[in-house]
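Inspection log for the structure reproduced underneath, given as structure tokens.
Values in this text are rule-based calculations from the coordinates and carry no lab data. All values reported here derive from a predicted model rather than from experimental measurement. A quick note on method: Cβ atoms are made from the backbone with ideal geometry, for glycine too, and the neighbour counts reach across all protein chains shown.
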Amino acid sequence: TLGRNARAASRAMARADGATRNRALLLIAEAIERDAAELSAANRLDLDAARANG
């Protein structure tokens, strides 16, 4: 599940050396920037659904 994957990633990041951790964070930031429009659209749909469902 998503939660288990997040925990495993957290443990891996905690064990990683600083350079590896920094590279991973830079790659994550690049992916967020690259996909910002798609993420924003999905977030907007979630917010609209939440408003519609109370």
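Odds and ends about this structure:
- Hits in region 12-32 - residues which are among the charged types (D, E, K, R) and surrounded by fewer than 10 Cβ atoms within 10 Å (Cβ to Cβ): ARG15, ASP17
- Residues of region 22-50 that turn out to be of a type in the set (Asp, Glu) and under 27 Å from ALA12 (Cα atoms), as a count: 3
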